[in-house]
Amino acid sequence: MLSALILIPLAGALVISLWPRQWSGRQIWLVTLLVQALSLLWGGWIAWQFDIQQPDLQFVESLPWIDALGLTYQLGVDGLSMPLLLINSLLGGIAVYASSATIQRPRLYFSLVLLINTAVAGAFLAHNLLLFFIFYELELIPLYLLIAIWGGARRGYAATKFLIYTAASGALILGGFLGVAWLGGAGSFNYDVTLAQSMTLLQQSLLLGAILVGFGIKVPLFPFHTWLPDAHVEASTPVSVLLAGVLLKLGTYGIVRFGLLLLPDAWNLFAPWLAIWAVVSVLYGSLAAIAQTDMKKMVAYSSIGHMGYVLLAAAAATPLAILGTVMQMVSHGLISGLLFLLVGVVYAKTGTRDLTVLCGLLNPERGLPITGSLMIIGVMASAGIPGMVGFIAEFVVFRGSFVAFPIPTLLCMVGSGLTAVYFLLLVNRAFFGRLQVAPASDKVEPDVLLPRVAWRDHVPALALALLIVALGLQPNWLFRWSEVTTIAWRSPAIAVAQPLPLDSSEPLRF
Amino acid sequence: MAEFWMHSGWLIPAYGLLGAIATLPWSIGLIRRTGQRPAAYLNLVMTFGAFVHSIFALQRVWGQTPQELNWDWFQVADLTLHVSFELSTLNLSIVVLIAGLSFLAQLFALGYMEKDWALGRFFGLMGFFEAAMSGVVLSSSLFLSYSLLEMLTLSTYLLVGFWYAQPLVVTAARDAFLTKRIGDVLLLMGVIALSAFAGSLRFNDLYEWVKVADLTPIVATLLGIALIAGPTGKCAQFPLHLWLDEAMEGPNPASILRNSVVVTCGAYILIRLQPVVVLSPIALSLLVIIGTITAVGASFVALAQIDIKRTFSYSTSAYLGLVFIALGMEWPGVALTILLTHAIAKALLFMSVGAIILTTNSQDLTELGGLGPKMPATTACYTIAALGLVGLLPLGGFWGYCLGVDFFWGEQPVLVAVFLLVNLLTALNLTRGFRLIFLGPAQPKTRRAPEVAWPMAVPMMALLVTTLVVPWVMLRLDLLPPWQYINSTALVLLVVSGVAGVAIGAVMPLSQLLARSTQKPLRIAQDLLAYDFYTEKLYRFTVVWVVERLSVASSWFDRYIVDGLVNSVGLASLIGGESLKYSISGRSQGYILTIMVGMGLLGLLMMWNTF
């Protein structure tokens, strides 16, 4: 059953690339969209069948593959991966919808997009370390090609940078996994939280270090983040949506699944330092975002800041905080997806993303009023305004982490305040004021008239905005999948944080 | 039926929200044929519905114990977030006030905004604004209150930024959002901490928790400061007061609400939080200090403003400063009396200001004059509003001052002096304004100045009557202090301060005060006040400067250090490859030599151990 989530997009990719007749771009677009819709429906059906009271792995599929290596095709889904799977299918569909049907070489493009969804779904489902690694590496190739072929002016540089960074990340992760399996003495790579029990603390720490850096590159965390702004700036809009919405989640998912859960003793040791790392990442990303003048770069740096919250929550590892990681991953996926879509619309209509040039896009008759309004919703959601999913996710993260690491949590909240600063700068510069899309000059120029955005181009952004508001008003739809699973993980082994004593015997370290 | 009105009382905020949603087809341009008017009517009807509903609910609740309606909105592990509303006499009275003022302001807007092309968007925002405000007041859970305060921040941003094509509006909207956001983030820190300490965020549970709370003094102080930071931003108190005066760039009907009920909402949250803030005596003293600084400072700054809206917005800050003092001294009754009387009178004042601005197309006090005989209704409104604000018998403002002065008389003579000073300065400023606007010769902009049309005149008159009956209502509700307890010395002093203010305002030479003085010391003082003690510059050279430098530094670090390192690694490997290329000669002798040397070295290395 779970295999279908991998096989549907894979089959779609094969059909599109190998079908022996010449299709028009429009047809390919339609077929891809159907495939994505099918996998979204299938994901929805699995969610429907998913027993939320059951903390264990569900729908387990296990096929021996290469026994000698300990590689088994073992799939399963639990509360951590269920929401991420849905986000993967949803954003995959949106990315396809937002792609132009008249794109160059549509066959290759759309089959690569489908391949990404295949790989990501596989990675979220895999419960074998090697299998996860295979899918993790598999996702890299299509993304490299998508940036390198359909990217902007500096696509070669950005794509190669992405490739090298992610390959290094893959190598570190592979090393970590091999170490876990061999030192743990399991003889198999099947995922098992007891795998590391027999290891010494030193061994665990070394492995955790490798795994953290490996996934930290993917998340990305400071100082391994510089590939992300470049990749985003050069990638086309749908690829950016996928990259920010889905692929970064592989990193945080990996940190929770293979760091926190697999190597709990070392995690305990590292946790305070991880919290500090999270703070540095959040503040650094947010501050760097303020100084950006490219809209896409600004959103990219904001991703660095917001993904830092996930590390903070994972470091705290209270049940609430772990739930917060899932909620923050989903909320960031939706919000950054929305923001990238809107920046894409602005770029498509004005030909620039430069904040020093754009002005007054909210103009009702000649500008982009609806895109502007959606942008305001998006930035407010990102800044953590209540009523939208960003707020409740951040609230849970902060509330869950505060009991363990009060000071780092408060500092991360400063980052949440900084989000308002840079996104307000974005809205104020680009959308308020008098409409212009060229640098101010003394010449008398005719009024700018931007082409209208068709309603069909608003659909993906509208859908995401509605989802953001709906999940913000009714977070139950978001956390119900993960609640039982994450609470069940709070076994004594991973309980890093004791709830704060309320009495003054041990005062807070302010 | 009465039961129904009460049990559905939590729905009162929904009216405004529904109205706001209903305007969407007009504001996004789906419906164009009808013009924007129907959206406005829809909102007026919804707001009137909220008004009627809250009156019925108030009738039912009158004299009864408060009713609480509660939902567990979010329940995971050890965190439960409640969405709960409390329907009490006090809450619903304020909601009636909010809905009523919102209705009048919207009616006023029908005239004031008549020529605006985005009427639908404006009314939608007003509906949203009203919904958030009545929600804040009805809420009985800190979590919900915080959420709705953020909604207020958001809608303030959008309303201030309503005319977003003007440069001043853009900075005003930005400052409004960011200064409030500073307060909100601090408040959120307090909320998170409280939620971790106390478990529940419902006010009643918090009050129970406070009795047993055992925090170290430093934690309690930090918590207290975080909790008062939010209201400090909302009520435009020092040092987060900058936004209110800039926000006057927004449309006037929104300013009516902002200066009357929005600040009231912020203060109301503080009233609800006060039993928690009590944990820290330092935070309470801080409230008094903030209040005093703002009350005195803003009163002086108001004197030096020549923008008609800005001068009165500073007086709003000053009155809210008095409220802060009262709350810091733990006299919520005084605070509420000042809040309510101030809200009504200030709304009326801003309506008359709106009428003046619309008629003369000017909000510069130096360009006005001689409007008295031309706009009698507006003049009456201004006069009554001014009387309602200051501590002169017998309208509402007097009783607020009276209570304050009475309560502080014995132990806090300094605070009594602050109250009297604020009263004097406010009276002085209102008299100054009256002379500049209504007396004197007509200027070019005020020569043809007809009285405003009925959509604006009707709400003005309605509010005028309301202001006049405020003392009578207070008397009926036993909110006035009984005569025998009134401290006659205090009362006389209060009246004297008011009369003195009016007298000084009436006789002081205005033309000289307005022109920048040629004497340097006086000019420096004038500029200091006119530019609000250079608070904006203070911001620019502290917070803004720090954030800007840090962001530039981190961006630079990113580009040249992190990326530079990465690129140099890449470059090094490329150069390595390029240079190794030249060792490939194509001659087998060279290769064999290399192999031999390598093997020799290897052999040497392996032999080394045996020696």
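The values are calculated or read from the model by the stated rules, or taken from the named source; none is laboratory data. What you see is a predicted model; the values in this text were computed from it and never measured. Because the Cβ atoms are built from the backbone with ideal geometry, glycine has one as well, and the counts that use them run over all protein chains shown.
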> Taking segment A:435-474 as the region of interest, how many residues are within 14 Å of chain B (Cβ to nearest Cβ) and farther than 19 Å from A:LEU374 by Cα?
Replying inline: 5
>> Quick check on my filter: what residues within segment B:29-68 are farther than 20 Å from B:TRP10 by Cα and either surrounded by 15 or more Cβ atoms within 10 Å (Cβ to Cβ) or not assigned by TED's automatic domain parsing to the domain that holds B:LEU110 (or both)?
In response: B:ILE31, B:GLN36, B:PRO38, B:ALA39, B:ALA40, B:LEU42
> Within segment A:204-221, can you find the residues that are more than 12 Å from A:LEU274 (Cβ to Cβ), part of a helix (DSSP H, G or I) and not hydrophobic (A, V, I, L, M, F, W, C)?
Replying inline: A:GLN204, A:SER205, A:GLY214, A:LYS218
> Out of segment A:256-302, which residues are in a helix (DSSP H, G or I), within 23 Å of A:LEU342 (Cα to Cα) and within 14 Å of another protein chain (Cβ to nearest Cβ)?
Replying inline: A:GLY285, A:SER286, A:LEU287, A:ALA288, A:ALA289, A:ILE290, A:LYS297, A:MET298, A:ALA300, A:TYR301, A:SER302
> What tally of residues in segment A:2-52 results from selecting those that are within 22 Å of the chain's Cα centre (by Cα) and assigned to a loop (DSSP other than H, G, I, E, B)?
Replying inline: 1
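Which members of segment A:292-306 meet the condition of being over 13 Å from A:HIS232 (Cβ atoms) and either surrounded by 24 or more Cβ atoms within 10 Å (Cβ to Cβ) or among the hydrophobic types (A, V, I, L, M, F, W, C) (or both)?
Initial filter on segment A:292-306 (over 13 Å from A:HIS232 (Cβ atoms)): A:293, A:305-306.
Across segment A:292-306, the qualifying residues are A:GLY305, A:HIS306.
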> What number of residues in segment B:156-171 are surrounded by fewer than 23 Cβ atoms within 10 Å (Cβ to Cβ) and more than 10 Å from every other protein chain (Cβ to nearest Cβ)?
Replying inline: 2
> Does segment B:183-201 hold any residues that are within 10 Å of another protein chain (Cβ to nearest Cβ) and hydroxyl-bearing (Ser, Thr, Tyr), and which are they?
Replying inline: B:SER195
> Is it the case that segment A:442-449 has a residue that's of a type in the set (A, V, I, L, M), touching a Ser or Thr at 6+ places or on another chain (Cβ under 8 Å) and either under 20 Å from A:ARG353 (Cβ atoms) or in a helix (DSSP H, G or I) (or both)?
Replying inline: no
> So which residues in segment B:179-218 are free of Cβ contacts under 8 Å to residues at least 12 places away in the same chain and in contact with a helix residue (DSSP H, G or I) (Cβ under 9 Å, 6 or more places away or on another chain), if there are any at all?
Replying inline: B:VAL185, B:ILE192, B:ALA196, B:ASP205, B:GLU208
>> Filter segment B:444-457 down to the residues that are surrounded by fewer than 16 Cβ atoms within 10 Å (Cβ to Cβ), part of a helix (DSSP H, G or I) and hydrophobic (A, V, I, L, M, F, W, C) and list them by number.
In response: B:TRP454
> So which residues in segment B:466-499 are of a type in the set (Phe, Trp, Tyr) and either in contact with a Ser or Thr (Cβ under 7 Å, 6 or more places away or on another chain) or closer than 20 Å to B:ALA345 by Cα (or both), if there are any at all?
Replying inline: B:TRP472
>> So A:PHE395 passes all but one of these: (1) touching a residue at least 40 places away in the same chain (Cβ under 8 Å); (2) at the interface with another protein chain (Cβ under 10 Å from one of its Cβ atoms); (3) in a helix (DSSP H, G or I); (4) over 30 Å from A:VAL448 (Cβ atoms). Which condition number does it fail?
In response: (1)
>> Any residue that is hydrophobic (A, V, I, L, M, F, W, C), at pLDDT below 90 and over 19 Å from A:ASN128 (Cβ atoms) - is there at least one of those in segment A:6-14?
In response: no
> How many residues are under 30 Å from B:ASP527 (Cβ atoms) and assigned to a helix (DSSP H, G or I) when one looks only at segment B:537-586?
Replying inline: 12
> Could you say whether any residue in segment B:208-230 is of a type in the set (Lys, Arg), buried (at least 23 other Cβ atoms within 10 Å of the Cβ) and in a helix (DSSP H, G or I)?
Replying inline: no
>> Quick test for you: out of B:TRP117, B:TRP71, pick the one residue that is touching a residue at least 60 places away in the same chain (Cβ under 8 Å), surrounded by fewer than 23 Cβ atoms within 10 Å (Cβ to Cβ) and over 20 Å from the mean Cα position of the chain (by Cα).
In response: B:TRP117
> Residues of segment B:207-258 being farther than 28 Å from A:ILE407 by Cα, of a type in the set (S, T, N, Q) and within 14 Å of another protein chain (Cβ to nearest Cβ), which ones?
Replying inline: none
